[in-house]
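**Student:** The structure under discussion is supplied below as structure tokens; questions concerning it will follow.
The values are calculated or read from the model by the stated rules, or taken from the named source; none is laboratory data. Given the structure is predicted, the values throughout are model-derived calculations rather than measurements. Neighbour counts are summed over all protein chains in view; Cβ atoms, including those assigned to glycine, are modelled from backbone coordinates with ideal geometry.
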């Protein structure tokens, strides 16, 4: 019978494994050789770039350590972290529940930087990540588990799916005719039935137009130069899209 690891043994083993992972990741991808880095919660991409070259990784956030309050917070307990980059962190909580390790199941508690690295190491081991990237945002240390390399074309497609909205910040893109707005009902026709937060295929986008545009589209047997001129399609974010849908259909 295999003896169950206690927490300290688990943490020490995972830290040693992380050192190997970090060394291997650096050797293979030379992340220190890039001039700039950028992480995007919306796309779940961590991008390293220099003039003429770029590499993208998928990632999830394990948690954050605050130097101001000397506290750790797991990503799954952080309301300010998007679901897209914290869902995988739930696996740590599930493991902690089964093993009876409170430090893996309590969402927020006093800690230190050494322990924060232990938590990140455990998260990496449990999800078989490539390693950790730890950017600093003000007083917060963010521990990002790098999952895998994302193909350049796939990464570009993913990035193009998101827009910066002055109201909702960064969100998936959507396309609407210029008649649609958030104040008046003008009808709401969609390319396909939609729901908030639904998953989309890489080639799909939220698309909607008003009743008047639908009449012209039908008369023209589809979208052509005439119907497209009337629609005068514009780009919005998905949250603005569903605000317009709610005004017209009261679906919420």
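**Student:** Among the residues in segment 161-174, are any surrounded by 16 or more Cβ atoms within 10 Å (Cβ to Cβ), over 19 Å from residue 37 (Cβ atoms), modelled with pLDDT of 95 or more and over 17 Å from the mean Cα position of the chain (by Cα)?
**Tutor:** Checked segment 161-174: at least one residue is surrounded by 16 or more Cβ atoms within 10 Å (Cβ to Cβ), over 19 Å from residue 37 (Cβ atoms), modelled with pLDDT of 95 or more and over 17 Å from the mean Cα position of the chain (by Cα).
**Student:** OK, next. Within the group 218, 196, which residue is at pLDDT 90 or above, outside the structural domain of residue 47 (by TED's automatic domain parsing) and under 31 Å from the mean Cα position of the chain (by Cα)?
**Tutor:** Within the list 218, 196, the selection yields 196.
**Student:** Please work out which one of (1) without any contact (Cβ under 8 Å) to a residue 60 or more places away in the chain; (2) assigned to a loop (DSSP other than H, G, I, E, B); (3) crowded, with 17+ Cβ neighbours inside 10 Å is the condition residue 222 fails and give its number.
**Tutor:** (3)
**Student:** Is it the case that some residue within segment 10-20 is at positive phi and either at pLDDT below 95 or touching a strand residue (DSSP E or B) at 6+ places or on another chain (Cβ under 8 Å) (or both)?
**Tutor:** Going residue by residue through segment 10-20, those that are at positive phi are none.
No, because not a single residue in segment 10-20 is at positive phi and either at pLDDT below 95 or touching a strand residue (DSSP E or B) at 6+ places or on another chain (Cβ under 8 Å) (or both).
**Student:** What number goes with the only condition from (1) in contact (Cβ under 8 Å) with a residue 24 or more places away in the chain; (2) assigned to a helix (DSSP H, G or I) that residue 16 does not pass?
**Tutor:** (1)
**Student:** If I ask for residues that are surrounded by 12 or more Cβ atoms within 10 Å (Cβ to Cβ) and assigned to a loop (DSSP other than H, G, I, E, B), which ones from segment 199-219 would you list?
**Tutor:** 200, 204, 205, 210
**Student:** Now for a different question. Being surrounded by 20 or more Cβ atoms within 10 Å (Cβ to Cβ) and within 28 Å of residue 202 (Cα to Cα), is that true of even one residue in segment 98-106?
**Tutor:** No.
**Student:** Run down 187, 129 and say which single residue is assigned to a loop (DSSP other than H, G, I, E, B), surrounded by 16 or more Cβ atoms within 10 Å (Cβ to Cβ) and not assigned by TED's automatic domain parsing to the domain that holds residue 245.
**Tutor:** From the options 187, 129, the qualifying one is 129.
**Student:** State all residues of segment 151-182 that are assigned to a loop (DSSP other than H, G, I, E, B), out of contact with any strand residue (DSSP E or B) (no Cβ under 7 Å at 6 or more places or on another chain) and over 20 Å from residue 214 (Cβ atoms); if no residue qualifies, say none. If you could, list the steps in order and put the result at the bottom.
**Tutor:** Step one: filter segment 151-182 for residues assigned to a loop (DSSP other than H, G, I, E, B), giving 151, 161, 166-168, 177-182.
Now narrow it down to the ones that are out of contact with any strand residue (DSSP E or B) (no Cβ under 7 Å at 6 or more places or on another chain): 151, 166-167, 179, 181-182.
Selection gives 151, 166, 167.
**Student:** Here is a list: 124, 64, 81. Which entry is in a loop (DSSP other than H, G, I, E, B), buried (at least 17 other Cβ atoms within 10 Å of the Cβ) and touching a helix residue (DSSP H, G or I) at 6+ places or on another chain (Cβ under 9 Å)?
**Tutor:** Going through 124, 64, 81 in turn, just one is in a loop (DSSP other than H, G, I, E, B), buried (at least 17 other Cβ atoms within 10 Å of the Cβ) and touching a helix residue (DSSP H, G or I) at 6+ places or on another chain (Cβ under 9 Å): 81.
One line per residue, one yes/no per condition, for (1) under 21 Å from residue 16 (Cα atoms); (2) modelled with pLDDT of 95 or more; (3) under 18 Å from the mean Cα position of the chain (by Cα):
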| site | (1), (2), (3) |
| --- | --- |
| 70 | no, yes, no |
| 76 | no, yes, yes |
| 97 | no, yes, no |
| 103 | yes, yes, no |
| 121 | yes, yes, no |
| 132 | yes, yes, yes |
| 143 | yes, yes, yes |
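**Student:** Also, quick follow-up: Considering every residue within segment 145-158, establish whether at least one is within 14 Å of the chain's Cα centre (by Cα) and within 19 Å of residue 243 (Cα to Cα).
**Tutor:** no
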